[in-house]
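See structure below.
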Amino acid sequence: FNKVIEYFHAQDYYTMLIMITSLSPNDVGDILLYKFGCGLAYYKLSKLSLAAGYFNEYKELSQANHKTADVSLAHVYLGDISSMGNEYITAADHYLKAIKNYGTNNVGGTFKLVMPTVSTLYAKRGAALRQASHMAMAVDAFRNAVMEAEKGKAECGNDKAQWRKDKLSSHNSLGNLLQSLGDHAGALEEYKLCIELCEDLKSSSRTCHRL
């Protein structure tokens, strides 16, 4: 699998796919890598139906072998694929399952992928629910994203980049949703929190511009 992973990191997904489909894995660990690698290659090549098939097989095999972090990773990709196909309720369900099975231990095996944070997954769920016009549930999801970002602040120590990104994004998304629902006072409070956080981190103009 080393060559396959080299092609993945080089973003040569066609060659990666050719390489991985020529393999005949036997043990469970290699089969998991095979299923995930095929799903990832097809996903990167925008062959989403094929990608979903492999990610589902990867999820089922991970469940059977009690690899919850890998189950979570599969749901992340399945959620993204569903969202891209405008299947927003299905996407929101996948993101919730990704949260329930959440783990970061060696996800994706030797592909060395970084799992999205729990805050990010709640934000993805919120965005999907908003697209599906499930507004109350979307508000709850974005509020959970904010709370998880706060937890992340304590866990990140001196590395503020990720929790800052999560918190700013969550407050901004929640503010946008509240504004669209006519709750202008609630939206204003969320935007104020974004500004306060920017100022607190001495990066107001640079960070807030990205929102």
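The values are calculated or read from the model by the stated rules, or taken from the named source; none is laboratory data. As the structure is a computational prediction, the values presented were derived from the model and not from experiment. Methodologically, a virtual Cβ is constructed for each residue, glycine included, from the backbone with ideal geometry; neighbour enumeration extends over all protein chains shown. We work out accessible area using only protein heavy atoms, side chains counted, and drop any ligands, DNA or RNA first. Shrake-Rupley method; radii C 1.70, N 1.55, O 1.52, S 1.80 Å.
At-a-glance table
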read-out	value
So TYR54, is it open to solvent by less than 70 Å² (accessible area, probe 1.4 Å), modelled with pLDDT of 95 or more, under 21 Å from ALA128 (Cα atoms) and assigned to a helix (DSSP H, G or I)	no
Candidates ILE5, ILE31, ILE20, filtered to the one that is surrounded by fewer than 21 Cβ atoms within 10 Å (Cβ to Cβ), over 23 Å from the mean Cα position of the chain (by Cα), over 15 Å from VAL76 (Cα atoms) and of a type in the set (A, V, I, L, M)	ILE31
Contacts under 7 angstrom Cβ, first residue in the stretch 115-128 being under 8 Å from ALA149 (Cα atoms), partner open to solvent by less than 30 Å² (accessible area, probe 1.4 Å) and modelled with pLDDT under 90, 6 or more apart	SER119/ALA149; SER119/GLY152; SER119/ASP166
Matching option when the condition is open to solvent by 20 Å² or more (accessible area, probe 1.4 Å), of a type in the set (S, T, N, Q) and touching an Asp or Glu at 6+ places or on another chain (Cβ under 8 Å), among THR68, THR117	THR117
Hits in the stretch 136-168 - residues which are modelled with pLDDT of 90 or more, small (Gly, Ala, Ser) and open to solvent by 50 Å² or more (accessible area, probe 1.4 Å)	ALA136
Enumeration of residues in the stretch 177-190 that are in a helix (DSSP H, G or I) and open to solvent by 60 Å² or more (accessible area, probe 1.4 Å)	GLN179, SER180, HIS184, ALA185, LEU188, GLU189
